[in-house]
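Worksheet: the structure to be examined is printed underneath.
The values are calculated or read from the model by the stated rules, or taken from the named source; none is laboratory data. This structure is a prediction, so every number in the text was calculated from the model and none was measured. Neighbour counts are summed over all protein chains in view; Cβ atoms, including those assigned to glycine, are modelled from backbone coordinates with ideal geometry. Quick note on the areas: whole protein, heavy atoms, side chains included, nothing else; ligands and nucleic acids left out. Shrake-Rupley method; radii C 1.70, N 1.55, O 1.52, S 1.80 Å.
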Amino acid sequence: MRALVAFDKFKDSLDAAAACRIAAEALRSARPDWQIELCPLADGGDGFAEILTRAAGGELRRVTVTGPLGTPVEAQFGLAEAPAAARPLVGAGKIALIEMAQASGLALVPPAQRNPWRTTTRGTGELILAAARENVSAIVLGVGGSATHDAGLGALAALGLTARAADGAAIENPIPETWAALAKIDGRIATPLPPLYVATDVTNPLMGTFGAASVYAPQKGLLEEDFTRLEYMTGRVAAMLCTLAGKHPLLCETPGCGAAGGLAFGLHCAADATLLRGFDLVSAWLGLDTRLATADIVITGEGRFDASSLAGKAAGEIARRALALGKRVHVFAGAVATPPEGFLAHSITPSGTDLATALRGAPENLAAAVRDAFTRFP
């Protein structure tokens, strides 16, 4: 029996590589005669740059950039030759691989300080600049796991645009808290950039019922009573960026533009970035179709498996593809909120466990759940 173990991260608990390793060790103890292949996953969020860089035998570079709260953070980006299967998506040659979570991620903000009015994507723009200096043929930016809702203004400011007040004065830190004073955006991208690709695991537009503020800002600390104000101001910023770039205002309705609090929109509009489905890129880069074809059973999972998992996220997508090939599929998650669709789903968290305890106990709980599942039934 050949098993493919391909986990995404368990947010705030296990990265994808650790989840794969723990599950594989538990599987070996239950089924020592099986062949096991590990394939850590990412679809644009935490782990994206490192997983793709290491898979292609590339190198990681570390730089200091501006964090989401405006203080310095250490971040890394990767440099790697694009595998042949990924070249139709991002081109050939040396590719820079960036994840915005390294510079502007929610994990960098203590829970008590999470507030989308006060966080910036400036550090992500600084990472893009650092990557552009490496003489790469393209930059691929994964935009999952953000702490921000600044429509990419912070990143664009790092790249050369200027937000201005009515009197013409520059707004040095154009976070949403300053948007009431914002009257105009001008300037241009100061450093020529290679083709820029934004990989996202969501299809949300910038605004509306399924937009960035409605769906994701509450996770970043937005209070319910502040939604209408943030939504209105987001629309003003989007209109200013479209005017500057000569783009149609309906650009903000493009699927995926709501990713990372509108960072995807800002870069798509003002830096001519191309939006990609994160899992399509990861699948091609990692050769998932070949790995799935040779597997008899697929074991995957993430921190929480719910409806969004089946709407483009890595664990849901690999489960769906495996099922289409007639493979047996097991999904392990800290919590399972969506009924299985032809596969076996396992919640690893003991009933009645509070969130903090569940996060701390995820390694042991995952190992126990995998051992139990494959000792009893494969």
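Please compute the net charge surrounding A24, taking Lys and Arg as +1 and Asp and Glu as -1 over other residues with Cβ under 12 Å from its Cβ.
Working: positive: R21, R28, R31, R371; negative: E25, E37.
Around A24, the charge tally is +2.
Please compute the alpha carbon radius of gyration of the range 125-190, then divide it by the globular-protein estimate 2.2 N^0.38 Å. Two decimals is fine. Each step should come with its number before you reach the end.
Details: Rg = 13.4 Å, N = 66, 2.2 N^0.38 = 10.8 Å.
After normalising by residue count via 2.2 N^0.38 Å, the value is 1.24.
Residues of the range 148-167 with the amide nitrogen closer than 19 Å to a label point 7 Å from the Cα of A311, along Cα-to-Cβ, please.
So the set is 148-149.
Using only Cα atoms, locate the centre of the range 71-127 and the centre of the range 288-324, then give the distance between them in Å, rounded to an integer.
One Cα centre to the other: 24 Å.
At what distance in nm do the modelled label points of R133 and D296 sit from each other, each positioned 7 Å from its Cα along Cα→Cβ?
5.3 nm
Figure the gain on full extension for L60 and V215 (residue separation times 0.36 nm, minus the Cα-Cα span) and round it to one decimal in nm.
Working: separation 155, 0.36 × 155 = 55.80 nm, distance 3.27 nm.
Extra length from L60 to V215 when fully extended: 52.5 nm.
Could you derive backbone 3J(HN,Hα) for the range 278-288 from the dihedral phi with the Karplus parameters 6.51, -1.76 and 1.60 (θ = phi - 60°), listing whole Hz in sequence and x where the residue is Gly or Pro?
With the stated coefficients, the range 278-288 comes to x, 5, 4, 5, 4, 4, 5, 5, 8, x, 5 Hz.
Give me the extension gain from K94 to L323: residue separation times 0.36 nm, minus the current Cα-Cα distance, reported in nm with one decimal. Walk me through the numbers before you get to the answer.
Details: separation 229, 0.36 × 229 = 82.44 nm, distance 3.42 nm.
Difference between extended and current length: 79.0 nm.
How many percent of the alpha carbon pairs in the range 1-72 exceed a separation of 19 Å? Before the final figure, lay out each step's value.
Details: 1237 of 2556 pairs.
Of the Cα pairs, 48 percent sit more than 19 Å apart.
Compute the orientation-averaged projected area for the range 38-161 from the convex hull of its Cα atoms and round it to one decimal in nm².
Working: hull surface 31.4 nm².
Averaged projected area of the range 38-161's Cα convex hull equals 7.9 nm².
Would you kindly derive the ³J(HN,Hα) couplings of the range 126-136 from the backbone phi angles with the Karplus curve 6.51 cos²θ - 1.76 cosθ + 1.60 (θ = phi - 60°), listing them in order in whole Hz, with x for Gly and Pro?
3J(HN,Hα) across the range 126-136, in whole Hz: 5, 5, 4, 4, 4, 5, 4, 6, 8, 6, 8.
According to a simple spin-label model (label point 7 Å from Cα along Cα-to-Cβ), what is the distance in nm between L38 and A181?
5.0 nm
Keeping every protein chain present and rolling a 1.4 Å probe, give me the accessible area per residue for the chain in Å². Let's see the in-between values first.
Details: 15210 Å² over 378 residues.
So the chain comes to 40 Å² accessible per residue, rounded to a whole number.
Once amide H atoms are placed 1.01 Å from N in the peptide plane, what residues at a sequence separation of 5 or more from G301, or on another chain, have their amide H within under 5 Å of its amide H?
Amide H neighbours of G301: D8, F332.
Using amide H atoms built in the peptide plane, which far-off residues or other-chain residues are under 5 Å from I171 H to H?
Answer set, sorted by chain and number: A163, R164, A165.
Tabulate in residue order the Karplus-calculated ³J(HN,Hα) for the range 240-250, using 6.51 cos²θ - 1.76 cosθ + 1.60 with θ = phi - 60°, rounded to whole Hz; enter x for Gly and Pro.
Once θ is set to phi - 60°, the couplings for the range 240-250 become 5, 5, 5, 4, 4, 8, x, 9, 6, x, 6 Hz.
Using modelled backbone amide H atoms (1.01 Å from N, in-plane), which distant-in-sequence or interchain residues come within less than 5 Å of L275's amide H?
The list, which skips near neighbours in sequence, is V198.
Taking 0.36 nm per residue of sequence separation and subtracting the Cα-Cα distance, how much length would be gained by fully extending the chain between A166 and E74, in nm to one decimal?
Working: separation 92, 0.36 × 92 = 33.12 nm, distance 3.52 nm.
Value of the extension gain: 29.6 nm.
Report the convex hull volume per residue for the range 236-364, counting only C-alpha atoms, in Å³.
Working: hull volume 19.8 nm³, N = 129.
Cα-based convex hull of the range 236-364, divided per residue, equals 154 Å³.
If you roll a 1.4 angstrom probe over the protein chains with everything in place, what fraction of the accessible area of the range 171-309 belongs to carbon and sulfur, to the nearest %?
Details: 3300 of 5810 Å².
That fraction is 57 percent.
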